[in-house]
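The values are calculated or read from the model by the stated rules, or taken from the named source; none is laboratory data. For clarity, every value in this text was computed on a predicted model and none was experimentally measured. For neighbour counting, all protein chains shown are included, and Cβ atoms are generated from backbone atoms with ideal geometry for every residue, glycine included. Areas reflect the complete protein model, heavy atoms only, side chains present, ligands, DNA and RNA absent. Shrake-Rupley method; radii C 1.70, N 1.55, O 1.52, S 1.80 Å.
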Amino acid sequence: MDRTRPFYELSLPVTEKCNPISRDIDRADAKHMLQILKTCDAEIFKNDDQGLQMLTCVFFDKGIYSSPIIHTMVDVAKKVEMMLREPDESLIVLSGCGTSGRIAFLLATSFNQMLTDQQHTQIYSYIIAGGDRALLTSQEAPEDRPLLGARMLDEVCAGKKRVLFMGISCGMSAPFVAGQLDLCLKHLDVFTPVLLGFNPVHMARNEPMQDCSFHFKEVAERMATEQEQGKAFIINPIVGPEAISGSSRMKGGSATKIILEAVLLAGHEAIFREKTISPECLSSWITASERIYENTYSHADELTALVQKAGESLGKNGHVYYLGWRTLGIIGMIDASECMPTFGADFGDVRGFINNGFKEMTNKEGDLSSMGPEFVIGHQDFVDTVLPVLNQNDMIVFLFTVKDDLHEMTALANQVKRKTSNLHAVAHDLETLHIPVSKTRRARLARRMHMFQKRMCDVFETVLKMTWSFSSDDEIAVMKWELSTKCCLNALSTGAHVLKGKVYMNFMIDLRVTNSKLYRRAVNILQRFTGRSKPECESALLRAIYSTDDVSEEMTSADVRTHTELANRRDRVVPAALVMIHRGCSLTEAKHHLDSHAVIRDAVTSCVLSPVNTADMK
């Protein structure tokens, strides 16, 4: 057994394990870090079962290309086709928490627009734990409420006779989604439930849930039983542990997008192009997604420059701002919203803005800008509120394509450039040679793209320009651009926070403990780096949460919800607990130790024993 891993880690779900590929990512420079992230992302498409076994230390036989996974995707795609053929009383609902819910929103709105373009009735809806506020900010607490999830699903589906429900939980753990799946299983005459996650069923979460007598694993097992009768479906390929342990915003979010787009597109092509839904059809989209990753990571020099610049900005207490157009703006806001819970970042550290604000978002609840500064998201809002205080330590990243308004983009970029030269771009172009138009039209397009390239070189310090082969389907091109941009921004924001010292080894040491999943993860991290028992680690965590050295019986007997409600208002609870355990000191002394180090990673490094030694402390 790998002696750097405590014995209990072998029983952790795949999505919570430490990935050996990225174990030393906190010591890497930007270039090496990018190579690490590239290798970890490549595991999404790994078709080598033995390799997956080595990574996870358990035996699996289901990569994303495996026959069982592809055939289940085919079965679900046929259900999509059926719903599209009878749209009046049918509904397809995509639901999840955090990243999963944001991907659900993006897909539901995108595919509804595709139906509108086809003059077809819209049949997609999304649900995200915490409502539309969770699209832009961390709303972790609602994830723990299974009855809330069930109630929201019931309300969305009122009056529908047929509902295809796709519940997304990367770790097979979210109580919110478990409650929805339970509702579906009780009403299979109406619902066809689909569970998408990246752990095997036997590793689904088996802890009690709030106000419920069942747990996620029980629901997953019931799903597996119904799958034998074709009444429910589980899609759960193993894509390997995350580059930052437990950070499912990365591979988990990308794999979710790839799989669901493949399934939904297959259903659409069956209806609108009379194409047969087949394993080859589904596999081809996954292969196309793999090429997107390869193309994106082939721009290593530009990506490295972006990661380095972002790290420098955050390290100097500056900010990173994404200014995006259309769905690339949404991708930017999704990435920004995930930095606070993952890295303990401040709201302003990484922010996203989209052209036309909420009008472009087309979310259910409409304009949320009155709810606070976190919900001020338009380009004009950026000009009014951020531009006046911008300085050279702030990094601005434009996200756009050749099909966006280049005059508008250039005008905004020139405004920003008057305040700072720290201006960069992620831009997507098309190969004119493959566009099936007349020579005259192709010449005009070539001139436009030449202007596109010249403007970028004149305005931006770094330009990550990706060129894609032409697709006759605008929707397909947009999906490629979205996935590529997500990959870029995940690398940028993750790399920047690693360089800032927010990660120890490949653990998010400064995560916010805002729900039961993150509470459990915090305890696991403490065990991982101290070798102490679970009760000892939990006691130290409670001392940090309750700001006391004397944990009372009332505190220890309180439920996790009480702990996390208070922890949400505390900073650095995991680092403080870790320092207390290792130094055997008071909370005040631990805080003083953290305050004496500008970088949390350095504070932890100075007192954490080596992993090899901690593994011996069983």
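A few notes on this one:
- The dipole here belongs to the range 60-206: it is taken about the Cα centre, uses +1 on the Cβ of Lys and Arg and -1 on the Cβ of Asp and Glu, and is about 120 debye.
- Zone residues, the range 335-378, relative to E408, backbone N less than 13 Å from point 7 Å out along Cα-to-Cβ: 354-361, 378
- With every protein chain in place and a 1.4 angstrom probe, the accessible-area ranking of S100, S469, largest first, reads S469, S100.
- Gyration tensor (alpha-carbon) shape descriptor, the chain, a/c threshold 1.5: oblate
- In order along the range 398-412, phi translates into HN-Hα couplings of 8, 10, 7, 10, 5, 8, 7, 6, 5, 5, 5, 4, 5, 4, 5 Hz, rounded to whole numbers, per the Karplus curve 6.51 cos²θ - 1.76 cosθ + 1.60 with θ = phi - 60° and x for Gly and Pro.
- Top positive-direction residue, dipole computed over the chain with Cβ charges, set P373, S169, A577: P373
- Nearest-10 value in Å² for the accessible area of D549, using the 1.4 Å probe: 70
- Shape of the range 286-420, Cα gyration tensor, a/c cut at 1.5: rounded
- For the range 273-354, the set of trypsin sites (Lys or Arg not before Pro) satisfying both a DSSP loop assignment and a count of at most 10 other C-beta atoms within 10 Å is given as R273.
- In order along the range 123-139, the Karplus-derived 3J(HN,Hα) couplings, from 6.51 cos²θ - 1.76 cosθ + 1.60 at θ = phi - 60°, round to 10, 9, 9, 10, 9, 10, 4, x, x, 5, 4, 6, 5, 10, 9, 6, 10 Hz, and Gly and Pro are given as x.
- On the beta carbon distance between Q392 and Q229, with R0 = 45 Å, the FRET formula returns roughly 0.10.
- Cβ-derived FRET efficiency at R0 25 Å, K316 paired with H597, nearest 0.05: 0.90
- Spacing of the two label points (7 Å from each Cα toward its C-beta) at D189 and S298, in nm: 5.6
- Set K480/K500; K316/K486; K17/K38; K78/K231; K359/K417 screened for pairs whose C-alpha atoms are more than 21 Å apart: K480/K500; K316/K486; K359/K417
- For I127, nonlocal amide neighbours, meaning residues 5 or more places apart or on other chains whose placed amide H falls under 5 Å from its own, are L94, S95, G96.
- Across the range 332-346, rounded Karplus estimates of 3J(HN,Hα) from the backbone phi angles (6.51 cos²θ - 1.76 cosθ + 1.60, θ = phi - 60°) give x, 5, 4, 4, 5, 5, 8, 6, 5, x, 6, 10, x, 6, 7 Hz, Gly and Pro being marked x.
- When each of the peptides 31-38, 91-98, 65-72 is scored by the mean number of other C-beta atoms lying within 10 Å of its residues, the order from highest to lowest reads 91-98, 31-38, 65-72.
- For the pair the range 282-338 and the range 102-167, the centres of their Cα atoms are 25 angstrom apart.
- Accessible surface of the chain, 1.4 Å probe: 48 percent of it comes from carbon and sulfur atoms.
- Length released on extending from S557 to R583, taking residue separation times 0.36 nm less the Cα-Cα span: 6.7 nm
- The range 463-565: GluC sites (Glu not before Pro) falling in loop per DSSP and having at most 15 other Cβ within 10 Å: none
- Accessible area ranking (1.4 Å probe, heavy atoms, ligands and nucleic acids excluded), largest first, for R27, R222: R27, R222.
- Under 5 Å, built H, 5+ apart or other chain: amide partners of M505: D26
- Solvent-accessible surface of the range 487-540, averaged per residue with a 1.4 angstrom probe and all protein chains in place: 20 square angstrom.
- Area accessible to solvent at I25, 1.4 Å probe radius, in Å²: 0
- Rolling a 1.4 Å probe over the protein heavy atoms gives the range 253-300 an accessible area of 35 Å² per residue.
- Here the gap between H202 and K31, fully extended at 0.36 nm per residue and compared with their Cα-Cα distance, gives a gain of 57.8 nm.
- Under-5 Å amide H pairs with L430, H placed in peptide plane, nonlocal only: W468
- Taking all protein chains into account, the per residue accessible area for the range 361-436 stands at 43 Å² (1.4 Å probe).
- Electrostatic dipole magnitude of the chain [Cβ: Lys, Arg +1; Asp, Glu -1; Cα centre; debye, to 20]: 1120
- For M371, the solvent-accessible surface computed with a 1.4 Å probe is close to 90 Å², ligands and nucleic acids excluded.
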